[in-house]
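Peer 1: I'd like to ask you about the structure that follows.
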Amino acid sequence: MDEKPKTTRPAGLITVVSDTICPWCYVGKRRLEGALKILSEEGLDFDVEWRPFQLNPDLPDRGMNRRDYRAAKFGSAQSEALDRHVQQVGLQSGIDFRFDLIERTPNTLASHVLIADARRAGGLVMQNKAVDALFAAYFTQGRDIGRADVLREISFEAGVDHGPDVTAELWEFVQEEENVLRQSGLNSVPTFLFNGRYLLNGAQPTLAHVEALRRAAAAGAFDAPFSGWDA
């Protein structure tokens, strides 16, 4: 006897607040994807959107030499230790972090504008492709995602023609999104919201996402509201 095809029902909106040069955001994305596969088997289907947050908003437009930046921030020895730890964790999620290829720490505003443009062009699916392409470009290929020409190349790889019709309004929109987040008190990434309410912070294990999303979907949302925006 053939099994009946599994059916899923819309369970809510997951908002991921992240930065494109945050390695834990990349790990968190992979772990969330693993959770979504498990929950899909249970009949729960979630939409996922991405919101901007810059870890280093005061970086110059051209960015900085990564080695110099990290040494000033952490010290050379601690910086190298942190990179080794992230590399080990990344391999568990199928990510080959190549920090040795990264020459510059970029200002990430332009990359967030690309993400917003991708959503405008193709909705949440295209936005997710752009986020994945940016993470892979920076962390596994060492590409400078602060440069307009590099972002254009990445956009084509994700299926978006980014650049020709990007308006000042889109840049302002992205900056205002981030301002709302900062004013709400959010100060670390990745942060995960469910239907506009706080869910989890940090690159939590896949099963932590599964459990939190099960509870949130059953309740409709957590009781503790996020004070930024309404979903």
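Peer 1: State all residues of segment 160-179 that are under 18 Å from the mean Cα position of the chain (by Cα) and either modelled with pLDDT under 95 or of a type in the set (G, A, S) (or both); if no residue qualifies, say none.
Peer 2: Hit for segment 160-179 is V160, nothing else.
Peer 1: Can I ask one more? Taking T15 as meeting all but one of (1) touching a residue at least 60 places away in the same chain (Cβ under 8 Å); (2) touching a helix residue (DSSP H, G or I) at 6+ places or on another chain (Cβ under 9 Å), write down the number of the exception.
Peer 2: (2)
Peer 1: Need the failing condition index for A212 against (1) modelled with pLDDT under 95; (2) open to solvent by less than 80 Å² (accessible area, probe 1.4 Å), just the number.
Peer 2: (1)
Peer 1: Within segment 99-133, can you find the residues that are open to solvent by less than 10 Å² (accessible area, probe 1.4 Å), out of contact with any strand residue (DSSP E or B) (no Cβ under 6 Å at 6 or more places or on another chain) and under 22 Å from K73 (Cβ atoms)?
Peer 2: P106, T108, S111, listed by residue number.
Peer 1: Still on this model: Restricting to segment 65-84, what's the tally of residues that are open to solvent by less than 70 Å² (accessible area, probe 1.4 Å), farther than 23 Å from A203 by Cα and hydrophobic (A, V, I, L, M, F, W, C)?
Peer 2: 1
Peer 1: Of all residues in segment 166-209, which are in contact with a Ser or Thr (Cβ under 8 Å, 6 or more places away or on another chain) and open to solvent by 40 Å² or more (accessible area, probe 1.4 Å)?
Peer 2: Those that are in contact with a Ser or Thr (Cβ under 8 Å, 6 or more places away or on another chain) and open to solvent by 40 Å² or more (accessible area, probe 1.4 Å): G185, Y198, N201.
Peer 1: Okay, moving on. What number of residues within segment 137-177 are in contact (Cβ under 8 Å) with a residue 24 or more places away in the chain and outside any helix (DSSP H, G or I)?
Peer 2: First, pick out the residues of segment 137-177 that are in contact (Cβ under 8 Å) with a residue 24 or more places away in the chain: 138-142, 144-148, 151, 154-155, 157-162, 166, 170-171, 173-175, 177.
Then keep just the ones that are outside any helix (DSSP H, G or I); that gives 142, 144-147, 159-162, 166.
Result for segment 137-177: 10.
Peer 1: Given the conditions (1) surrounded by 19 or more Cβ atoms within 10 Å (Cβ to Cβ); (2) closer than 27 Å to R120 by Cβ; (3) in contact with a strand residue (DSSP E or B) (Cβ under 7 Å, 6 or more places away or on another chain), which single one is not true for E49?
Peer 2: (1)
Peer 1: Could you list all residues from segment 189-207 that are out of contact with any helix residue (DSSP H, G or I) (no Cβ under 8 Å at 6 or more places or on another chain) and within 18 Å of R30 (Cα to Cα)?
Peer 2: T191, L193, N201 - these are the residues of segment 189-207 that are out of contact with any helix residue (DSSP H, G or I) (no Cβ under 8 Å at 6 or more places or on another chain) and within 18 Å of R30 (Cα to Cα).
Peer 1: Provide a single number: the residues in segment 31-46 that are over 16 Å from G12 (Cβ atoms) and open to solvent by 70 Å² or more (accessible area, probe 1.4 Å).
Peer 2: 2
The values are calculated or read from the model by the stated rules, or taken from the named source; none is laboratory data. Computed from a predicted model, the values in this text were never measured in an experiment. No Cβ is skipped: glycine too gets one built from the backbone with ideal geometry, and neighbour counts run over all protein chains shown. Just so you know, the surface numbers come from the protein's heavy atoms only, side chains and all, with ligands and any DNA or RNA stripped out. Shrake-Rupley method; radii C 1.70, N 1.55, O 1.52, S 1.80 Å.
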